[in-house]
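The values are calculated or read from the model by the stated rules, or taken from the named source; none is laboratory data. What you see is a predicted model; the values in this text were computed from it and never measured. Reconstructed Cβ throughout: ideal geometry from the backbone, glycine too, with neighbour counts over all protein chains shown.
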């Protein structure tokens with residue numbers, strides 16, 4: 001077998017392979033001989049058909065099968081022989097398998113780049129620290145109480161924290177539009193979930209009042225037919241409702257699974273949950289800090305095929321998320337290509353290559369005990385943890401996902417132990433997403 005390699009660019013290679021005819025012919029001959037001993041051909045007993053007839057009837061088909069097999073095996077051999085590391089599937093071209101001439105072909109593909117990683121000891125990363133205080137717990141309990149309120153109908157003008165029940169009809173250009181009306185619809189005036197100005201226009205109103213709101217749909221509204229258009233809404237206030245939070249008592253504690261221990265046990269459970277949530281956020285912040293520092297400190301030539309694959313994956317994920325929200329990709333104006341995902345895809349591929357190289361250079365292996373701990377963390381949130389454990393450990397694909405997550409956590413810890421770390425003290429509010437530290 002003859003192999004030549006041509007470098008078309010920094011990463012693209014064209015491999016030319018020539019396989020002699022005798023390697024193909026001998027394998028074709030072996031298969032035909034075996035077939036002649038087992039084939040059933042009308043007019044002959046099993047395995048007694050003349051070899052010439054077997055060759056005439058099956059020779060071309062067998063040769064095609066052998067050529068396909070030899071192509072794959074010879075390409076793998078050539079890649080190994082030349083110490084190449086393909087970053088994507090080879091593109092086969094200029095294939096010649098004429099009988100008597102052997103097999104020759106070219107395979108074009110990109111290879112993984114040679115990566116020189118700067119010492120991780122020089123990386124500067126930020127590690128956030130968050131301590132849960134009694135004040136944080138008090139605030140969280142208030143949030144939980146406000147989330148479990150009861151409604152009380154009141155005979156007064158609506159306030160910014162009330163919930164009003166309304167009937168409304170919307171018009172564009174004097175004509176009603178699809179989805180623009182509702183009856184007995186509850187609106188929380190403390191939230192801004194409707195069109196800008198909708199909730200504000202209902203503050204200070206009494207039950208029985210009729211209000212006309214002249215608003216405008218944003219240009220980015222997900223329904224293209226009405227995006228950017230002015231609309232008139234005729235609203236009738238049905239009732240004004242005040243939120244009444246529950247008392248701190250055993251009945252309220254039981255809502256969160258605290259059967260015994262009263263307020264002290266309830267506060268401990270709240271603190272434990274807050275620490276778990278903050279811990280996850282802090283972990284994500286550390287990962288982000290490390291990945292940004294790693295990317296900033298190293299330059300990597302990216303295989304186009306890997307970036308294209310990641311852009312396609314991001315687009316598919318985006319469309320899947322739209323579907324989960326009840327939208328269709330046609331409702332959102334996306335370009336035909338994947339250009340809007342270019343930067344994100346390049347960042348992800350860069351980090352994938354850098355992390356992979358660190359793992360390879362330092363021979364970092366996935367820790368089986370840490371894999372088990374990761375699965376246990378998932379399982380503790382289920383009623384039957386043992387069943388979930390079995391589900392993971394009996395599914396190789398799902399275990400591979402867990403192992404990948406665990407290995408990434410290991411590399412994060414490995415870098416954090418060696419890099420220059422600056423601690424950053426945060427309050428719980430600063431640590432968490434704002435929406436998680438406010439009443440919903």
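Here is how the numbers come out for the structure above:
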item: Any hit, segment 337-345, residues being modelled with pLDDT of 80 or more, farther than 21 Å from residue 118 by Cα and exposed (fewer than 11 other Cβ atoms within 10 Å of the Cβ); result: yes
item: Qualifying residue in segment 208-222 (condition: under 24 Å from residue 150 (Cβ atoms) and part of a strand (DSSP E or B)); result: no
item: Hey, residue 263 exposed (fewer than 15 other Cβ atoms within 10 Å of the Cβ) and not assigned by TED's automatic domain parsing to the domain that holds residue 164 or not; result: yes
item: Residue list for segment 84-99, restricted to those being within 30 Å of the chain's Cα centre (by Cα) and assigned to a strand (DSSP E or B); result: 86, 91
item: Output for segment 100-122, where each listed residue is surrounded by fewer than 13 Cβ atoms within 10 Å (Cβ to Cβ) and in a loop (DSSP other than H, G, I, E, B); result: 100, 101, 114, 116, 118, 119
item: Residue 286 being part of a helix (DSSP H, G or I), touching a helix residue (DSSP H, G or I) at 6+ places or on another chain (Cβ under 8 Å) and over 30 Å from residue 350 (Cβ atoms); result: no
item: Subset of segment 358-372 (residues that are part of a loop (DSSP other than H, G, I, E, B) and either surrounded by 14 or more Cβ atoms within 10 Å (Cβ to Cβ) or in contact (Cβ under 8 Å) with a residue 60 or more places away in the chain (or both)); result: 364, 366, 367
item: Residue in segment 60-83 that is modelled with pLDDT of 90 or more, in a loop (DSSP other than H, G, I, E, B) and exposed (fewer than 12 other Cβ atoms within 10 Å of the Cβ) present; result: yes
item: Matching option when the condition is part of a helix (DSSP H, G or I), over 20 Å from residue 288 (Cβ atoms), modelled with pLDDT of 85 or more and in the same structural domain as residue 294 (by TED's automatic domain parsing), among 349, 355, 375; result: 375
item: Members of segment 175-192 found to be touching a strand residue (DSSP E or B) at 6+ places or on another chain (Cβ under 8 Å) and not in a strand (DSSP E or B), listed by number; result: 189
item: Among the candidates 129, 125, residue that is surrounded by 15 or more Cβ atoms within 10 Å (Cβ to Cβ), under 30 Å from residue 294 (Cβ atoms) and either free of Cβ contacts under 8 Å to residues at least 12 places away in the same chain or touching a strand residue (DSSP E or B) at 6+ places or on another chain (Cβ under 9 Å) (or both); result: 125
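Yes/no matrix, rows are residues, columns are (1) assigned to a loop (DSSP other than H, G, I, E, B); (2) surrounded by 13 or more Cβ atoms within 10 Å (Cβ to Cβ); (3) at pLDDT 95 or above; (4) in contact with a strand residue (DSSP E or B) (Cβ under 7 Å, 6 or more places away or on another chain):
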position	(1), (2), (3), (4)
237	no, yes, yes, yes
247	yes, no, no, no
316	no, no, no, no
319	no, yes, no, no
327	yes, yes, no, no
